[in-house]
Every structure is written in structure tokens, then in C-alpha cells.
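Here is the structure we will look at.
The values are calculated or read from the model by the stated rules, or taken from the named source; none is laboratory data. The model shown is predicted, which means the values in this text are computed figures rather than measured ones. As a convention, Cβ positions derive from the backbone with ideal geometry for all residues, glycine included, and neighbour counts pool all protein chains shown. Remember, those area values only see protein heavy atoms, side chains included, never the ligands or the DNA or RNA. Shrake-Rupley method; radii C 1.70, N 1.55, O 1.52, S 1.80 Å.
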Amino acid sequence: MAKIGVFDSGVGGLTILKKLMDEFPLEEFIYLGDTARLPYGSKSPETIRKYCEQVMSFLIQQKVDAIVIACNSASTQVPEKEWQGIPVFNVIDPGTESALKISKTLRIGLLGTRATVGSNVYHDRILKLSPDAKVFSQSCPLFVPLAEEGWIDDPITNLVVFRYIQPIITQGIDTLILGCTHYNLLANSIDRAIRSSHLEIQIADSAQALADALKNEFDSGRLQYAKKASLRILMTDESKHTNEWTQKILGLNLSENFETVVL
Ligand code: DGL
């Protein structure tokens, strides 16, 4: 029986959790949002690494069989594929693979937090797999607060998105990586900005690629399918707003499932 621990700095990783719950409807999931220390994306690599180690150790105490780092900023600081003997999945490898699969021109745009863009991890992994690729990166520090606030499809969000996205769209990219799980929540505004440019740009779907990677683990027998779905939502700082927004993202009524934890 596999219990999968999924973590992010806040609610952004719930977009990944939702995908995994849709793909594996009978699995046991524990989600941890480190809301007390959000944002990760403006912190130093050392601090992000320390937070990741604390969260992964906590999840292992909860007896998870696999850890999904559903946060790009966190993923940049955890190159390991295993932590204390437990398989670890990040969101950067699937995002990279998905982008390279769909890009025809190998001109790839990356939107991410300052930590993710500054780490060059996407850039280096893309070039390792495809040395002819060109990566155009843009950090978008205002996106995370807009997503946490739930301002999706809001005129202010549309403006901010347009302002950040414009410089990389004009580089003639054909593929865009949303290198921060919070940005999935702003997908409508991002789509709108792309459409207004009249360019053909596809968005790399790292959630689907991650689900495929996990499916391989189940198929190979490294992870055993659970038989009964269960979900715990843990936050390091809980609020009514976070709980409501969580339920909206997951499309579920979860009032019983919230717990606050101290790491
Ligand atoms: N959701 C996180 C990511 O994918 C970033 C949010 C934050 O800055 O904490 O990078």
C-alpha cells in the first residue's frame, strides 16, 4: 500500500496533488503546505534546502512510501532521487521532459520564482538533454501572492501576467514551462497573454509528466497501489482563507481533513 507525501510551500502544489488524485483515485495522499514559511522562491538555496530536509523528514515520520516535491523552488535544491531510502520525485525533470517533447524549435521559455530561475537548474537540465536548445527565463515574483490570494482571472492579474510574459514571448519561443506550481492557478491569464500575442506557444504539462513517472513506479512494482483513497491536508500555518482556497482548488469539501503541524 503506497502512501504518497506531496509538499509545496503553500497551495500551489495542490494543482499537482489534484492531478495525482485524478490519476490514482485509490491512493493515500498526505499534502503538506509550508504556509508558515512561504514564499520559498525568494529565499536562499541554503534556506530552501534546510526547509526541504525538515519537510521530507517529517513526511517520512508519517510513514510515506514516496515523496513528491510539488514545488519547483524546492525541487531545485533536492537533486536526490531518494531520501532516507524513500523515492523522491521532483517537478523539474517532468517539466523538462515534457517541454522537450513538444518543442519543435527548441526555443523554450521558463517562468519561475527568483530561486528557480537563479538556480539555472531547468536551463542546465534542458541543455544536458538537448544541447541545441535555447532557454529564455523570467522570474515573476508577483505571481505567487496573486495565486495565494485567489486572484485568478482578475484584471490586475492579467496585467501583471502580461507584463512579465511579454519579454520572453518576443524571443520567439514555441514552448513555455510554468516553472512554479502556483502559476498553474494563473493559467487563464497566462493563456490570455499568449493568445494576445498571436503566436503558437504550447505550455509544458509537468503535472501529467509527473503522474506518468509515478505510474511507472507502480507498474514496476516499486510502489504498491493502495486499495482505499485517503487524504490528509497539513499546513504549517492554517487560516480560513487557505482552507477555503484549498477546497476550491481540489474541488472537494474537506472541512474535516485539515491539520496544522509544526516542523
Ligand atoms: N510553488 C512554488 C514553486 O513551484 C513557489 C512558491 C514560493 O515561492 O513559495 O516554486
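Here is how the numbers come out for the structure above:
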{"quantity": "Test: residue in segment 39-49 that is among the basic types (Lys, Arg), open to solvent by 40 Å² or more (accessible area, probe 1.4 Å) and closer than 22 Å to Ala213 by Cβ", "calculated": "no"}
{"quantity": "Matching residues in segment 118-134 - criterion: being open to solvent by less than 30 Å² (accessible area, probe 1.4 Å) and away from the ligand (no atom under 15 Å from the Cβ)", "calculated": "Ile126, Ser130, Ala133"}
{"quantity": "Given (1) more than 9 Å from the ligand (Cβ to nearest atom); (2) open to solvent by 30 Å² or more (accessible area, probe 1.4 Å); (3) touching a Gly at 6+ places or on another chain (Cβ under 9 Å); (4) assigned to a loop (DSSP other than H, G, I, E, B), index of the condition Ile60 fails", "calculated": "(4)"}
{"quantity": "Residue check for Gln77: touching a Lys or Arg at 6+ places or on another chain (Cβ under 8 Å), surrounded by 15 or more Cβ atoms within 10 Å (Cβ to Cβ) and of a type in the set (S, T, N, Q)", "calculated": "yes"}
{"quantity": "Yes/no for Thr157 being open to solvent by less than 40 Å² (accessible area, probe 1.4 Å) and farther than 27 Å from Glu97 by Cβ", "calculated": "yes"}
{"quantity": "Scan of segment 10-23 for residues that are within 13 Å of the ligand (Cβ to nearest atom) and either part of a helix (DSSP H, G or I) or open to solvent by 10 Å² or more (accessible area, probe 1.4 Å) (or both), ordered by number", "calculated": "Leu14, Thr15, Ile16, Leu17"}
{"quantity": "Filter result (away from the ligand (no atom under 16 Å from the Cβ), closer than 20 Å to Ile169 by Cβ and among the polar types (S, T, N, Q)) within segment 79-117", "calculated": "Ser103, Thr105"}
{"quantity": "Any chance Leu26 is open to solvent by 40 Å² or more (accessible area, probe 1.4 Å) and away from the ligand (no atom under 16 Å from the Cβ)", "calculated": "yes"}
{"quantity": "Residue check, Pro39 under 21 Å from Ser206 (Cβ atoms), within 12 Å of the ligand (Cβ to nearest atom), touching a residue at least 24 places away in the same chain (Cβ under 8 Å) and not polar (S, T, N, Q)", "calculated": "yes"}
{"quantity": "Flag for Tyr31 being buried (at least 24 other Cβ atoms within 10 Å of the Cβ), assigned to a loop (DSSP other than H, G, I, E, B) and at pLDDT 95 or above", "calculated": "no"}
{"quantity": "Test: residue in segment 88-96 that is of a type in the set (Val, Ile, Thr), without any contact (Cβ under 8 Å) to a residue 60 or more places away in the chain and either in a loop (DSSP other than H, G, I, E, B) or surrounded by fewer than 24 Cβ atoms within 10 Å (Cβ to Cβ) (or both)", "calculated": "yes"}
{"quantity": "Options Val68, Val64: the member that is under 16 Å from Leu214 (Cα atoms), at pLDDT 95 or above and under 14 Å from the mean Cα position of the chain (by Cα)", "calculated": "Val68"}
